[in-house]
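Visitor: Supplied in structure tokens, the structure appears directly below.
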Amino acid sequence: MGNIELPSMAKSSAVCYTVSHDDLIDFANAIIKKTQEAAEQESASQDIQEEYLTRKEVMAILKRCDSTMTKWARTGYLEPVRIGGKYLYRKSDVEKLMKH
């Protein structure tokens, strides 16, 4: 799909463009690719800055037992993330719970 330069239009102008099926698919794929790249970059920068806690650390901070942690993970209230084969908790998620 080549770059298309659109003419400047006055407020009262009406323009009709014909776009092929393949060009429309290429355009959609380009938008999807750029969106995925932006999301990956944002996620990578957040992961670098994020601190993680073990289950035992979270239990001590929140003063909760193991069964409560299991229930929270199952219901999505406080979900661990898998990093390097371990399940850890985002410190920011724990801090949000402490504020409530």
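The values are calculated or read from the model by the stated rules, or taken from the named source; none is laboratory data. Note that the structure is predicted; figures quoted are calculated from it, not measured. Heads up, the Cβs are rebuilt from the backbone with ideal geometry, glycines too, and the neighbour counts pull from every protein chain shown.
Visitor: In segment 49-61, which residues are at pLDDT 95 or above and outside any strand (DSSP E or B)?
Guide: Selection gives Thr54, Arg55, Lys56, Glu57, Val58, Met59, Ala60, Ile61.
Visitor: Is there any pair with a first residue in segment 73-99 that is under 15 Å from Met59 (Cβ atoms) and loosely packed, with under 15 Cβ neighbours inside 10 Å and a second that is β-branched (Val, Ile, Thr) and at pLDDT below 95 whose Cβ atoms are under 8 Å apart and which are 6 or more apart or on different chains, and what are they?
Guide: Correct list of pairs: Tyr87/Val81.
Visitor: Does Met69 count as in contact with a helix residue (DSSP H, G or I) (Cβ under 9 Å, 6 or more places away or on another chain) and exposed (fewer than 12 other Cβ atoms within 10 Å of the Cβ)?
Guide: It is false that Met69 is in contact with a helix residue (DSSP H, G or I) (Cβ under 9 Å, 6 or more places away or on another chain) and exposed (fewer than 12 other Cβ atoms within 10 Å of the Cβ).
Visitor: If you don't mind, there's one more thing I want to ask. Working only within segment 37-56, note down all residues that are in contact (Cβ under 8 Å) with a residue 24 or more places away in the chain and of a type outside the set (Ser, Thr, Tyr).
Guide: Glu50, Glu51, Leu53, Arg55
Visitor: For segment 13-23, indicate whether the set of residues that are surrounded by 12 or more Cβ atoms within 10 Å (Cβ to Cβ), assigned to a helix (DSSP H, G or I) and modelled with pLDDT of 95 or more is non-empty.
Guide: No, that holds for no residue.
Visitor: Ok, one more. Given the conditions (1) modelled with pLDDT of 95 or more; (2) part of a helix (DSSP H, G or I), report the number of the one that Leu78 does not fulfil.
Guide: Among (1) modelled with pLDDT of 95 or more; (2) part of a helix (DSSP H, G or I), the lone unmet condition for Leu78 is (2).
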